[in-house]
1. What's the number of the only condition in (1) out of contact with any Ser or Thr (no Cβ under 7 Å at 6 or more places or on another chain); (2) surrounded by 13 or more Cβ atoms within 10 Å (Cβ to Cβ) that THR61 fails to meet?
2. Within segment 201-228, work out how many residues are under 20 Å from ALA249 (Cα atoms) and hydrophobic (A, V, I, L, M, F, W, C).
3. Restrict the check to segment 125-136 and report whether at least one residue is in contact with a Lys or Arg (Cβ under 8 Å, 6 or more places away or on another chain), under 18 Å from GLN278 (Cα atoms) and touching a residue at least 40 places away in the same chain (Cβ under 8 Å).
4. For segment 1-49: of the residues being assigned to a helix (DSSP H, G or I) and small (Gly, Ala, Ser), which is farthest from the chain's Cα centre (by Cα)?
5. So, of the residues in segment 229-249 that are aliphatic (A, V, I, L, M) and assigned to a loop (DSSP other than H, G, I, E, B), which turns out to be farthest from the chain's Cα centre (by Cα)?
6. Can you tell me how many residues within segment 198-222 are surrounded by fewer than 20 Cβ atoms within 10 Å (Cβ to Cβ) and out of contact with any helix residue (DSSP H, G or I) (no Cβ under 7 Å at 6 or more places or on another chain)?
7. I'd like the full set of residues that are assigned to a loop (DSSP other than H, G, I, E, B) and small (Gly, Ala, Ser), limited to segment 135-182.
Amino acid sequence: MLDLELLRTLVCVVDEGSFTRAASRVHRTQSTVSQQVRKLEQGVGKTLLLRDRAGGNVSATEDGELMVAYARRLLAIAGEAEHVLSAPRKACVLRLGIPEDFDVSRLTVLLAGFAARHAEVRLETSSGMSMNLRSALASGELDLALVKREPGDGPSLAAWPERLVWVGGKQRIPDGAAVPLVLFPQGCIYRKRAIYALESAGRPWHIAYHSHSLAGVQAAVAAGLGVSLLPAFARLGTHAVLGEDAGFAPAPPTELAIVGNQRALNTAEQHLVAALKQAIGHDSQAAAA
């Protein structure tokens, strides 16, 4: 393998036409420069320089001229590589918001795959209540967001209906007893729907448990702490579906939507939206079935 340092010395000697001047240029002794050229000649098995008797002037042989031409190209490529690698690279940052009450396991594989296919993009994913995500989007803190909302509540890049079901533990709530509710924090559309439905039906209720996470709500319902209104996909095998016979009328669907800033999407955002559409659309079809 050719040594770039030796090639650099050869080019310098040819450019200067003298070992003495080349040595002064590279801040080395004349003997060191001469030894480096001789080492390169031994490595390639060719005489690269013709030296006069006094050693003051040198010229390239035919092989030397060929080697110098390659040396210049190799040194230029090496310099370009060093420049590119040392220069700061600007990564495209893509900020995605997802609802805090969303089943994140549905997205982890998708997001990991997106990140692997787009090494030039730094994907930053954060979670929060849908109302907070929409505020962050409006203020420019997010580029894209998945939000839970009322159907048709504003423009979107894609939207899917979310079928809701009442779920509870295995025990039945006595007639006339206040309904113990397992809820997400204020601002959650499921919470609003559940309370409105019970108020409209004239049924008493109280908050038995609340959690920011979907897993927390699911666990509380499974443990028998109360009932909740959840999207159909979030119902666990340990949950009982509560219907009209138990006093829970069907709730109209909510909507899961991808929303963005009011500007044209860049290429990375377009690819992420396409991936989200494919994954969520498939899951929505499976839930509907």
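The values are calculated or read from the model by the stated rules, or taken from the named source; none is laboratory data. Bear in mind the structure is a predicted one, so any value in this text is a computation, not a measurement. Here the Cβ positions follow ideal geometry from the backbone for every residue, glycine too, while neighbour counts run over all protein chains shown.
1. (1)
2. 5
3. For segment 125-136, residues in contact with a Lys or Arg (Cβ under 8 Å, 6 or more places away or on another chain), under 18 Å from GLN278 (Cα atoms) and touching a residue at least 40 places away in the same chain (Cβ under 8 Å): absent.
4. For segment 1-49, the residue satisfying everything is SER31.
5. Per the stated criteria, the residue is ALA249.
6. Here the count works out to 16.
7. Residues satisfying the conditions are SER139, GLY140, GLY152, GLY154, SER156, GLY169, GLY176, ALA177, ALA178.
Here's the yes/no breakdown for (1) touching an Asp or Glu at 6+ places or on another chain (Cβ under 9 Å); (2) in a helix (DSSP H, G or I); (3) at pLDDT below 85; (4) not aromatic (Phe, Trp, Tyr):
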{"residue": "ALA251", "(1), (2), (3), (4)": "no, no, no, yes"}
{"residue": "LEU256", "(1), (2), (3), (4)": "yes, no, no, yes"}
{"residue": "ALA264", "(1), (2), (3), (4)": "no, no, yes, yes"}
{"residue": "GLU269", "(1), (2), (3), (4)": "yes, yes, no, yes"}
{"residue": "GLN278", "(1), (2), (3), (4)": "no, yes, yes, yes"}
{"residue": "ALA287", "(1), (2), (3), (4)": "yes, yes, yes, yes"}
